[in-house]
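Trainee: A single structure is presented below for examination.
The values are calculated or read from the model by the stated rules, or taken from the named source; none is laboratory data. None of these values were measured; they are calculated from a predicted model. Methodologically, a virtual Cβ is constructed for each residue, glycine included, from the backbone with ideal geometry; neighbour enumeration extends over all protein chains shown.
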Amino acid sequence: QVPLKPGRSLMDWIRLTKSGKDLTGLKGRLIEVTEDELAKHNKKEDCWICIRGFVYNVTPYMEYHPGGEDELMKAAGTDGTDLFDQVHRWVNYESMLKECLVGRMAVKPIAAPKGRCSTPLVILVALCWTLSRSSLSFLNWGAFLELIVVLLLKIKLAFKTTRQRYDWFQTDSLIIIVIYTKQKDMNAELVLVDCQDKRLRGEIIVDDHSYLIEVDLDHAVQEDLAVNIAEKVGKVEIILKKKDNIHWKMLGQPLESHNTFIKRTDRELFYRKCKLVSKTEVTHDTKLFCLTLPKSTHLHVPIGQHVYLKQPVAGTEVVKPYTPVLPFLPLDFKEPSCNAGAQIHLMIKIYSCGLFTQALDHLQIGDSIYVSNPEGNFKKSQVQTLEDLFLLAAGTGFTPMVKMLDWALTEVRHLRTVKLIFFNKTEDDILWRNQLEQLALKDERLEVQFVLSQPTKDWVGKQGKISSSLLSEFVTRSRKDSKVLICICGPTPFTEQGVQYLKDLGYSQEEIHAFTA
Ligand code: FAD
Ligand code: NAP
């Protein structure tokens with residue numbers, strides 16, 4: 001993020017888009033854009049960018065782009081889809097850039113689909129054809145057969161790694177969809193199911209890929225659904241209850257992305273409507289929002305991942321990321337309650353001039369808000385075999401540490417120490433101070449250190465900002481060569497400085513996890 005000039009906030013941009021000003025220079029006309037035409041608009045004063053086949057004139061948006069003009073210029077006059085997806089595929093550009101839409105890219109001849117098995121198949125067919133028209137010697141036949149075996153093995157491998165499979169069957173009252181992922185250690189966090197108005201969407205995460213079942217069901221089903229997972233063999237069952245006990249002739253009509261297996265980052269973010277059930281004060285400016293998922297949703301947010309909230313602000317859909325926390329820090333290990341997975345708790349700081357958080361703060365109990373599927377690159381396996389865990393948090397950068405702290409203390413067998421160093425401006429800003437102190441009293445492996453950057457003179461604890469000397473004092477292995485992970489989260493410059501200090505202190509890339517968007 002770069003500092004924007006006064007009058008160039010997101011709210012100012014929304015106002016400009018609603019002003020009726022001609023932002024494309026085309027007086028509302030939509031045109032078909034060729035690659036050559038797109039390439040001509042590659043200057044700051046005249047900049048067009050293509051995202052997913054649609055071309056936008058982003059010239060008027062330049063000064064409003066939170067990432068700065070130079071970032072936007074990287075895609076000037078070209079297809080910026082990949083760049084956009086890398087940096088912020090969650091940003092709702094369709095809504096934000098609606099008034100900048102120039103038109104569609106001119107259609108090019110469609111290339112053959114890039115299925116993994118298509119190349120060997122094509123070669124095989126070509127070879128057979130050539131063979132049928134030529135006379136090969138006996139020796140060449142041997143080599144040829146060997147080639148065929150290799151190709152068949154390749155095809156088998158391609159199918160094995162890319163092809164998921166699903167079946168469905170029914171009883172008098174149930175529809176059961178079975179997905180064979182062949183993924184060992186399949187778990188509830190990797191299965192995302194939504195069923196709204198006969199529309200079923202089941203997404204299974206397999207490594208960095210996503211398999212999707214998306215159908216318009218043949219008949220209506222009841223609101224609640226169940227998901228069963230056979231973890232060892234990777235079998236997932238989605239169980240729907242029929243509304244009427246009639247025999248279904250088919251599961252339903254396949255929708256556009258049905259039965260596809262693609263890279264997770266290429267899958268569009270899916271949102272469901274959730275209800276705000278409570279809003280409680282954590283500090284003077286931070287609140288705990290509790291949202292209920294629809295009964296027909298199966299969604300568990302993994303540790304260290306965030307979701308996106310979407311809501312209209314002044315008529316434009318705005319999206320921002322938030323990291324789910326627990327409702328409180330449990331002092332004893334408990335079996336997850338039956339509400340786990342049915343509710344999402346978010347600890348959110350309300351900024352007095354914040355566009356999104358002000359709108360969030362105005363939500364009333366019972367109001368709805370859209371919540372996305374989880375995202376993030378933290379993996380539980382990074383913690384599973386740890387001995388020392390260090391958590392460096394600043395302000396609401398504490399949120400990813402909440403589930404991590406609880407999980408590490410209850411589940412990680414060889415854990416010797418957990419140290420949380422929590423940076424805030426003042427004592428009043430410390431989130432869940434009491435709970436943290438109680439947990440540290442109860443569990444001797446946990447140490448909590450609060451550091452204040454703007455303390456009152458009564459503060460006897462540590463003060464200052466993140467620094468190399470502070471980290472060298474705090475981040476120390478419990479024994480030489482102990483297995484350690486240092487997690488860091490806060491304002492971007494805080495995180496970047498912290499990572500640099502840690503590297504300077506000799507910690508490796510694998511030993512540091514920085515939470516970012
Ligand atoms: P804006 O309108 O964007 O900004 C208004 C003013 O608020 C700014 O001028 C600035 O003074 C202040 N401000 C806004 N954003 C920031 C910021 N990011 N850092 C410092 N000051 C800022 N926030 C939470 O409260 N809880 C979370 O769990 C949480 N999780 C996040 C997870 C990820 C992956 C990321 C990237 C961010 C997360 N955030 C979280 C921040 C959140 O996404 C928003 O940036 C924040 O709520 C401000 O939005 P806004 O529209 O109200 O502020
Ligand atoms: P804040 O109250 O403004 O700051 C918390 C502490 O960090 C203060 O001590 C502050 O010191 C210090 N700090 C701020 N900027 C710094 C910098 N440039 N260098 C060193 N120290 C700095 O924080 P906040 O408003 O809660 O913001 C929390 C941030 O965390 C947001 O940016 C949010 O986007 C981010 N976040 C990210 C994720 C994620 O997963 N990526 C999750 C949650 C939150 P000063 O007195 O000097 O300001």
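Trainee: Does segment 475-491 include one or more residues that are charged (D, E, K, R), surrounded by fewer than 20 Cβ atoms within 10 Å (Cβ to Cβ), more than 10 Å from ligand 2 (Cβ to nearest atom) and under 14 Å from residue 393 (Cβ atoms)?
Mentor: Checking segment 475-491: not a single residue is charged (D, E, K, R), surrounded by fewer than 20 Cβ atoms within 10 Å (Cβ to Cβ), more than 10 Å from ligand 2 (Cβ to nearest atom) and under 14 Å from residue 393 (Cβ atoms).
Trainee: Quick check on segment 242-252. Is at least one of its residues part of a strand (DSSP E or B) and in the same structural domain as residue 190 (by the TED database)?
Mentor: Just the residues of segment 242-252 that are part of a strand (DSSP E or B), to begin with: 242, 252.
Right, trim to in the same structural domain as residue 190 (by the TED database) and you get 242, 252.
Yes; the residues of segment 242-252 include at least one that is part of a strand (DSSP E or B) and in the same structural domain as residue 190 (by the TED database).
Trainee: Additional query: Starting from residues that are hydrophobic (A, V, I, L, M, F, W, C), part of a loop (DSSP other than H, G, I, E, B) and under 27 Å from residue 91 (Cβ atoms), keep the ones in segment 350-379 and report whichever is farthest from ligand 1 (Cβ to nearest atom). Write out each step before concluding.
Mentor: Here is the first cut: in segment 350-379, the residues hydrophobic (A, V, I, L, M, F, W, C) are 350, 353, 355-356, 359-360, 363, 365, 369, 371, 378.
After this cut, where a residue has to be part of a loop (DSSP other than H, G, I, E, B) as well, the list is 350, 353, 363, 365, 378.
Subsequent filtering for residues that are under 27 Å from residue 91 (Cβ atoms) retains 350, 353, 363, 378.
On the way: 350: 7, 353: 5, 363: 13, 378: 11 Å.
Only one residue fits best here, namely 363.
Each row is one residue, and each column tells you yes or no for (1) free of Cβ contacts under 8 Å to residues at least 12 places away in the same chain; (2) of a type in the set (Ser, Thr, Tyr).
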residue: 49; (1), (2): no, no
residue: 53; (1), (2): no, no
residue: 56; (1), (2): no, yes
residue: 63; (1), (2): no, no
residue: 66; (1), (2): no, no
residue: 70; (1), (2): yes, no
residue: 79; (1), (2): no, no
residue: 83; (1), (2): yes, no
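Trainee: In addition: Could you go through segment 389-404 and let me know if any residue there is out of contact with any Asp or Glu (no Cβ under 7 Å at 6 or more places or on another chain), surrounded by fewer than 18 Cβ atoms within 10 Å (Cβ to Cβ) and part of a helix (DSSP H, G or I).
Mentor: No: zero hits.
Trainee: Here is a follow-up. For residue 516, which of the numbered conditions (1) modelled with pLDDT of 95 or more; (2) among the polar types (S, T, N, Q); (3) within 16 Å of ligand 2 (Cβ to nearest atom) fails to hold?
Mentor: (1)
Trainee: Name the residue that is farthest from ligand 1 (Cβ to nearest atom), counting only residues in segment 453-474 that are within 13 Å of residue 421 (Cβ to Cβ) and in contact with a helix residue (DSSP H, G or I) (Cβ under 6 Å, 6 or more places away or on another chain).
Mentor: 471
Trainee: Within segment 55-83, track down each residue that is buried (at least 19 other Cβ atoms within 10 Å of the Cβ) and in contact with a strand residue (DSSP E or B) (Cβ under 8 Å, 6 or more places away or on another chain).
Mentor: Across segment 55-83, the qualifying residues are 55, 56, 57, 58, 59, 72, 75, 76, 77, 80.
Trainee: Answer yes or no: is there a residue in segment 217-224 that is assigned to a strand (DSSP E or B) and buried (at least 17 other Cβ atoms within 10 Å of the Cβ).
Mentor: Let us first name the residues in segment 217-224 that are assigned to a strand (DSSP E or B), namely 217, 221-224.
Then keep just the ones that are buried (at least 17 other Cβ atoms within 10 Å of the Cβ); that gives 217, 221.
Taking every residue of segment 217-224 in turn, at least one turns out to be assigned to a strand (DSSP E or B) and buried (at least 17 other Cβ atoms within 10 Å of the Cβ).
Trainee: While we're here: Conditions: (1) within 21 Å of the chain's Cα centre (by Cα); (2) more than 16 Å from ligand 2 (Cβ to nearest atom); (3) modelled with pLDDT of 95 or more. Residue 363 meets all but one. Number of the miss?
Mentor: Residue 363 satisfies every listed condition except (1).
Trainee: So, one more: I need the full set of residues from segment 1-25 which are aliphatic (A, V, I, L, M) and under 11 Å from residue 60 (Cβ atoms), in order please.
Mentor: Of the residues in segment 1-25, the ones aliphatic (A, V, I, L, M) are 2, 4, 10-11, 14, 16, 23.
Within segment 1-25, 16, 23 qualify.
Trainee: Something else: Filter segment 313-324 down to the residues that are touching a residue at least 40 places away in the same chain (Cβ under 8 Å) and either crowded, with 18+ Cβ neighbours inside 10 Å or in a strand (DSSP E or B) (or both) and list them by number. Explain how you work it out, then say what you get.
Mentor: Going residue by residue through segment 313-324, those that are touching a residue at least 40 places away in the same chain (Cβ under 8 Å) are 313-319, 321-324.
313, 316, 317, 318, 319, 321, 322, 323, 324, listed by residue number.
Trainee: Working carefully through the options 228, 245, 259, find the one that is out of contact with any strand residue (DSSP E or B) (no Cβ under 8 Å at 6 or more places or on another chain) and away from ligand 2 (no atom under 16 Å from the Cβ). Write out each step before concluding.
Mentor: Numbers: 228 fails: out of contact with any strand residue (DSSP E or B) (no Cβ under 8 Å at 6 or more places or on another chain); 259 fails: out of contact with any strand residue (DSSP E or B) (no Cβ under 8 Å at 6 or more places or on another chain).
Going through 228, 245, 259 in turn, just one is out of contact with any strand residue (DSSP E or B) (no Cβ under 8 Å at 6 or more places or on another chain) and away from ligand 2 (no atom under 16 Å from the Cβ): 245.
Trainee: Now for a different question. Read through the list (1) in a helix (DSSP H, G or I); (2) within 17 Å of residue 397 (Cβ to Cβ), then give the number of the only condition that residue 437 fails.
Mentor: Tallying (1) in a helix (DSSP H, G or I); (2) within 17 Å of residue 397 (Cβ to Cβ), residue 437 fails exactly one: (2).
Let's see how each residue does on (1) under 17 Å from residue 515 (Cα atoms); (2) basic (Lys, Arg):
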site: 379; (1), (2): yes, yes
site: 382; (1), (2): yes, no
site: 398; (1), (2): yes, no
site: 403; (1), (2): yes, yes
site: 414; (1), (2): no, no
site: 420; (1), (2): yes, no
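Trainee: Right, here's the next one. When you scan segment 328-346, do you find a residue that is more than 18 Å from the chain's Cα centre (by Cα), more than 10 Å from ligand 1 (Cβ to nearest atom), closer than 22 Å to residue 284 by Cα and at pLDDT below 95, even just one?
Mentor: Yes, segment 328-346 has at least one match.
Trainee: When both residues are 6+ apart or on different chains and their Cβ atoms are under 7 Å apart, which pairs have a first residue that lies in segment 475-500 and is within 16 Å of ligand 1 (Cβ to nearest atom), and a second that is among the hydroxyl-bearing types (Ser, Thr, Tyr)?
Mentor: That search, which allows pairs on different chains as well, returns 488/495; 489/495; 495/516.
Trainee: Only one of (1) modelled with pLDDT under 95; (2) within 16 Å of ligand 1 (Cβ to nearest atom); (3) not β-branched (Val, Ile, Thr) fails for residue 382. Which number is that?
Mentor: (2)
Trainee: Something else about it: Taking segment 294-312 as the search range and keeping residues that are part of a strand (DSSP E or B) and within 15 Å of residue 369 (Cα to Cα), which one is farthest from the chain's Cα centre (by Cα)?
Mentor: Quick first cut of segment 294-312, residues part of a strand (DSSP E or B) only: 297-298, 306-312.
Filter once more, keeping what is within 15 Å of residue 369 (Cα to Cα): 297, 307-312.
Details: 297: 17, 307: 6, 308: 8, 309: 11, 310: 14, 311: 17, 312: 20 Å.
Among them, the one singled out is 312.
Matching residues to (1) within 12 Å of ligand 2 (Cβ to nearest atom); (2) touching a Ser or Thr at 6+ places or on another chain (Cβ under 7 Å); (3) not hydroxyl-bearing (Ser, Thr, Tyr):
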| position | (1), (2), (3) |
| --- | --- |
| 307 | yes, yes, yes |
| 315 | no, no, yes |
| 330 | no, no, yes |
| 394 | yes, no, yes |
| 398 | yes, no, yes |
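Trainee: Just one of (1) in contact with a helix residue (DSSP H, G or I) (Cβ under 9 Å, 6 or more places away or on another chain); (2) more than 11 Å from ligand 2 (Cβ to nearest atom); (3) under 16 Å from residue 477 (Cβ atoms) trips up residue 409, so point out which.
Mentor: Condition not satisfied by residue 409: (3).
Trainee: For a quick check of your reading of the model, give me the residue pairs whose first member lies in segment 419-440 and is more than 16 Å from ligand 1 (Cβ to nearest atom), whose second is charged (D, E, K, R), with beta-carbon atoms closer than 6 Å and at least 6 apart or on different chains.
Mentor: 419/447
Trainee: Right, something else. Scanning segment 440-486 for residues that are out of contact with any strand residue (DSSP E or B) (no Cβ under 9 Å at 6 or more places or on another chain), among the hydroxyl-bearing types (Ser, Thr, Tyr) and assigned to a loop (DSSP other than H, G, I, E, B), which turns out farthest from residue 503 (Cα to Cα)? Outline the logic, then answer.
Mentor: Keep residues of segment 440-486 that are out of contact with any strand residue (DSSP E or B) (no Cβ under 9 Å at 6 or more places or on another chain), which gives 441-442, 444, 456-458, 460, 467-469, 472-473, 480-481.
When the remaining residues are screened for being among the hydroxyl-bearing types (Ser, Thr, Tyr), the result is 456, 467-469, 472.
Retained after the next criterion (residues that are assigned to a loop (DSSP other than H, G, I, E, B)): 456, 467.
On the way: 456: 32, 467: 12 Å.
Out of the qualifying residues, it is 456.
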